[in-house]
Amino acid sequence: MAPESSLMSLWVCVTLCLSHSRSVPIACRFNGHQVESSLELLKTTGGSFPVGCLEEKVAIPFPASAFRSAGVSEVSDVFAMVLNETFSSVTAVFADGDAPPQWRPSLLEDFHNRVFRLSDDFSPCATTVRGLRGDVKSGFLDRAQLVKTYFDKMEAVLREKKYSFCAWEIVRQETVRTLEFILEHNADSLLWP
Ligand SMILES: *[C@@H]1O[C@H](CO)[C@@H](O)[C@H](O)[C@H]1NC(C)=O
């Protein structure tokens, strides 16, 4: 074998072997740029939290532990799945009733489509989820429950306040916080192509 071609096979192996050692196929990662642009859209849709809504504010405890590293080897798979739960919940909550007329509809629609696409792109990864070890799986289920409870509370606020402007602003603020938290703490689990 010519030295160049053995060098080439070595290189091919290095590339393949490295990509095989990842526990999840690359397609099962969320695109960080998409998360960033979703966040920007959601922020500009309504601007800063209205002073007139401060009195109506409801404390919804943010489930930070759902997004924290647990130090297990499958942690990236778990994060990807927790993010899937999160983006699915965001899509659902923003489809729940009419958004306030004060928001810029085109930006909101763009935001909604982007977040929907994030979770939709993840749908071929279901086999990865099923392949999780028992303890890793239960770790994921605990985190998913925290995320679900958090978004259930947001939906309850919307219902109780009859989908008022301030109720939607509370939901928007919580969702901005969620996306910011993910970008700040889980950037390593995202893909940055
Ligand atoms: C992503 O989350 C949604 C909502 O819980 C779920 O229905 C779907 O199966 C999840 N997708 C994967 C691949 O786990």
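FYI, it's all coordinate maths here, none of it is from the lab. Here the structure is a predicted model, which is why all the values come from computation and not from measurement.
Which residues' amide hydrogens lie under 5 Å from the amide hydrogen of N31, considering only partners 5 or more residues apart or on another chain, with H built in the peptide plane?
Sorted by chain and number, the residues that satisfy this are L191.
Starting at the first residue of segment 108-114, write each ³J(HN,Hα) from the Karplus equation 6.51 cos²θ - 1.76 cosθ + 1.60 with θ = phi - 60°, in whole Hz, x for Gly and Pro.
Taking θ as phi minus 60°, the curve returns 5, 5, 4, 4, 4, 4, 5 Hz for segment 108-114.
Please go through the residue pairs K57/K137; K57/K162; K43/K137; K137/K162 and name each one whose alpha carbons sit more than 26 Å apart in this structure. Walk me through the numbers on the way to the answer.
Values: K57/K137 35 Å; K57/K162 14 Å; K43/K137 34 Å; K137/K162 37 Å.
In this structure, K57/K137; K43/K137; K137/K162 lie more than 26 Å apart at Cα.
Can you tell me how segment 25-189 classifies by the Cα gyration tensor, rounded, prolate or oblate, using a/c under 1.5 as the rounded cut?
prolate
Taking 0.36 nm per residue of separation and subtracting the Cα-Cα distance, what length does fully extending S48 through D110 add? Let's see the in-between values first.
Working: separation 62, 0.36 × 62 = 22.32 nm, distance 1.88 nm.
20.4 nm is the gain from fully extending S48 to D110.
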